[in-house]
Amino acid sequence: MLARALLLVQCVLVLAAAVLAADKTYRLRGTVVPNDVLGDVASLAAGAQVVVNGGEQRAFIRGDGQFAVDGLGLGDALVEIQSTEYAFPKIHVRIAVGEEDGRAAVAARYVQLGAKWSEDAPVLAYPLQIAASAKYDFFTPRQGFSIVAMFSNPYMLMVGASLAAVFILPRLQANIDPETMKELQAKS
Amino acid sequence: MVCGSSLRRAALSAALLLGGAALGLFPDEAGKIDWYQAQIGAATKVVAHAHNGTTGIYAATELGVLAAVDADSGALRWRQLVDEDIGTLQVRGGQVLTQSGAGGSRVRVWDAVSGSLAWEHAQPESGQQAAGGAALFVSGSDDVVAAAGDSLVRLAPGGGAAVWELALNGTGTYRRLVQHGDAVFAIGERAGGGLRVVEAELASGTRKQQYDVADGAVLGAGHSVVLDAGPNGVYVVWRDEKDIVWKVHRLGLTRPMWDMYHAKIVQQELMPEDMLGSTLDELEPIPGGRPRFTLTYLKDGVRKTVAIEIVATGDQMDMRKLAAFRSGSAVVGGPAMAGVAGAAVAVRAAGGEWRVYGAGARKAKSSFAYAEATHGAVVWAGLYRTAAGATRALVRTSGGLLAALDADSGEPLWVRNEALAYASDMAFLDLPPPASAAEHAAQATDPAVVTSAAARFVLRWVATGRELAAWASSGFGLLAPLRADAARPTPAASGDHFGFHKLAVFGTRTGVVTALGTQGGAAAWARHLAVDGAPVAVERVFVVRRSQPLGDAPPVVVAVGRSARNATVVAALDALTGAPVAEDGLQPMPFSHVRAFALPAVGADGQQLLGLVTDDARPTLAVWPATAAAEQAFCAAAAPFFFELGDAAGSTQIRGYRVACDGGALSTALAWTFDVPGGEALAAAAVRYDGAQSTALLGRVLGDRSVRYKYINPHVGTLAAQRADGSGGVSVYLYDRVSGRLLHTAHHAAARVDAAHRFLATQTENRVIYQLWHDE
């Protein structure tokens, strides 16, 4: 009887904890770290934001690269850094309450758009350390003068062939035996 | 050999001309062919601040944007999209303090130079606070005191735990904090009227005293002001509607001291009913000066503004009139330009001239002529001083213009057109191609106009000579790239031969219709549309007549919008100059439209006709222009015509209508209905609609020899529907907008559409591409 009562109380407490945990929100921390692509993180701060789940939560990036996103619930989320100048990897974040200690833990993994979120990918360190993947380059570099490109142009090939016909053929013609030339002219 | 050398030169020239093909935009073309204008929206709070030898204008806008503008050039230094109502804006020592979010729960400090976030604090939200809250930098410290959530907190740089926290217990909506010595006053509005003042020690957060002021008084913007005059005290001035007097209370005394003052300055001519209609505005005091405010009231149909200064001598208080202005309308700069040399009063004099007065000055510092027809009436004005010591006036108009003027001469220095932040629709206008000298000469000597051969001969030479002179004066065409404005040329009245350069005509919700050149983005013209003084919210922009080379009729753009009374307004403007086409160019309609589109018909004057659907419950189609000839042209070219209604978010039924001409009269009949199944409602709708397009196009598809014909239906509509609670996924429907037939259905179980995750769809040829958020 007592055991049943204790069991009932334990079940109620676990259920209450789960309900309370479901309403509780968490803070996700991270840092944008400099690398060869982005040397000065301070230059990024004013033009970039951390976006979770396409805009459900947003956070600003400090001058030293640190950020903190509030309002995340338990479960999965997609964390992106939106910037018009640099591309950053997308991160799948899973916040779960540990069964042993009852504390929330964050498991973060790199993810690609269109690919299923897999738990086989290696877990990243937390707080997150995100580095820029590439710098966007929206412009086409002007092609400098290239002799190879010039001669690979079909129009140039036609011009070259025409010039060859104009300058080289008469010289070849001059080396032809006169009798052979007469025969050729007679045939034509 | 001469021939051979000539051939070699020709071949070399040909070779030099043959370069690599351009695959995209080159870096040196950026800004000319491709350009970008960052907008911030209409500023609600503005602060000028000098730091490190430069002055910046820091603004918080209606759109939740925090921005820094260079005070000398008007260029945008940086902006942050906060996306929340910014209730507090304060700048000090190279740092910008903002407070935003529900109940002012988010306190952020930014670096004034780079715009990066220095630190932030998120206070738990409380239902007791209205949006905004209050915050300030603590004098002599880097700490911040804020009324956030339901607490008064002191925050240290870093944004961690509060230094101290004092619960306010829902005693009011605190919108103002004032530091006075070693105490801080939190002034809040009580739910039942009046103010609650909480005084706390700055060091420990201990509540020193708490009392009520102005019991029962309805307060708020215009009805009360809080004047912080530093060592001269902190005052609250409010209008007591019960006693119909102005009352003043000085904060910080050991026991509340009430002073009743009847505003002697104006009482002699002010009747009680005039007092009830009067408003207060705060004026920033001169550093070390006395508290000042303005009182604006209407007397005998004339609006008057009085600047008043409070003079306290011991326990005695007096008010002194600084200046009085009489005008048709007066604009006061007060909190809008906090922390600068002194607020300004901009007064509209007769003839549309605006005069800027420094606070307390009887003589205007400067005046400027401002045409309200371009960007609307001046909303507020302020003064600021640059790092070099120059005094400038900053004005904001109802059309979204932000302009800086030299305060002494009134000369405009720079302008930011923020109306584009409220753009609702745009249309491209092809500029007329440049006419050659021969074409100009031919037009000038049209035999139908000039019958004399001799006259035509003379006129032809005159026209040709004029063209040659213009060409010579332009440096034979060589000097144009060297002009200072070559990088951002003012859009010309004519374009280029290839049609690359166009005008982009924007309609905005602030009533401004503006055109930008596609080369460089320079403004060509702007026009402010207003009915009875209220701006027209433009919804659609149509080019109804295109440019003609050497044509007599100018291209026409029509803006369709809604007046403040929700009546449809149609404005026809010259697309090259922005001038109204006719004297009654702005036409309020006797109805409120629910849909506007271009009709596939052209009127007798060469203008494309527009269709306005007038009533959602019993819709009818009105043709613009509303003439019999236009209706006949529509009936001849476009009838029957189809449109649908009910595709707004939340709708559960879409209805298709058919418009026919019966004996010259238009009749609209319901053709089909589509009820969204499954208990869902529309989340979004996308159509690729162009009423001027013809129906089905049949053609051979290149590259796919197995298909000879593809039916490209330009009347496919795309709908996204989901349940009201967002569960169950998103259903996507493709339907024919003419017949109402359902063409295709798809269901995405784990998808959702909401404010943060929009549904976007477009149709290209026989493909529909859509994007939506998927939780998995």
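Things to note:
- Against the compact-protein benchmark of 2.2 N^0.38 Å, the Cα-based radius of gyration of segment A:147-187 scales to 1.66.
- Here the calculated FRET efficiency for B:Arg565 and A:Asp36, from their Cβ-Cβ distance with R0 = 56 Å, stands at 0.40, rounded to the nearest 0.05.
- Kirkwood-based shape ratio for segment A:24-135, expressed as Rg/Rh from alpha carbons: 0.96
- Accessible area in square angstrom per residue, segment A:147-187, 1.4 angstrom probe: 83
- Minimum 50 Å² accessible area buried by the other protein chains, segment A:30-55 residues, probe 1.4 Å, relative to alone: A:Ala46
- Per residue, chain A reaches -10500 deg cm²/dmol at 222 nm when only DSSP H runs of four or more residues are counted, each adding -39500 (n - 2.57).
- Heavy-atom surface of segment A:24-135, accessible at 1.4 Å and reported per residue (Å²): 51
- Folded to 0 to 90 degrees: helix A:178-187 orientation relative to chain A principal axis, Cα: 70
- R0 of 30 Å, Cβ-Cβ distance A:Asn175-A:Val148: FRET efficiency to nearest 0.05: 0.45
- Rounded, prolate or oblate (a/c below 1.5 giving rounded, otherwise prolate when a/b exceeds b/c) for segment B:434-474 by Cα gyration tensor: oblate
- Partner aspartates and glutamates whose Cα lies under 16 Å from the Cα of B:Lys208, excluding those fewer than 8 positions away in the same chain, are identified as B:Glu165, B:Asp182, B:Glu199.
- Drop in accessible area of at least 40 Å² in the complex versus isolated chain, residues of segment B:100-125, 1.4 Å probe: B:Ser116, B:Leu117, B:Glu120
- Taking all Cα-Cα distances within chain A, those exceeding 19 Å account for 73%.
- Where B meets A: accessible area buried, both sides, 1.4 Å probe, Å²: 2700
- Here's the list of aspartates and glutamates a cross-link from B:Lys299 could span, going by alpha-carbon distance under 12 Å and ignoring same-chain residues fewer than 8 apart: B:Glu269, B:Glu273, B:Asp274.
- On chain A, 59 percent of the accessible area sits on carbon and sulfur atoms, based on a 1.4 Å probe.
- For segment A:24-135, size of Cβ-based charge dipole, Lys and Arg +1, Asp and Glu -1, in debye: 180
- Nearby aspartates and glutamates by direct alpha-carbon distance to A:Lys90 (threshold 17 angstrom, same-chain neighbours under 8 apart not counted): A:Glu56, A:Asp76, A:Glu80, A:Glu119, A:Asp120, B:Asp775, B:Glu776
The values are calculated or read from the model by the stated rules, or taken from the named source; none is laboratory data. All of these numbers come straight from a predicted model, not from anything done at the bench. Please note: Cβ atoms are built from the backbone with ideal geometry, for glycine as well, and neighbour counts cover all protein chains shown. The accessibility values were calculated without ligands, DNA or RNA, using every heavy atom of the protein model including side chains. Shrake-Rupley method; radii C 1.70, N 1.55, O 1.52, S 1.80 Å.
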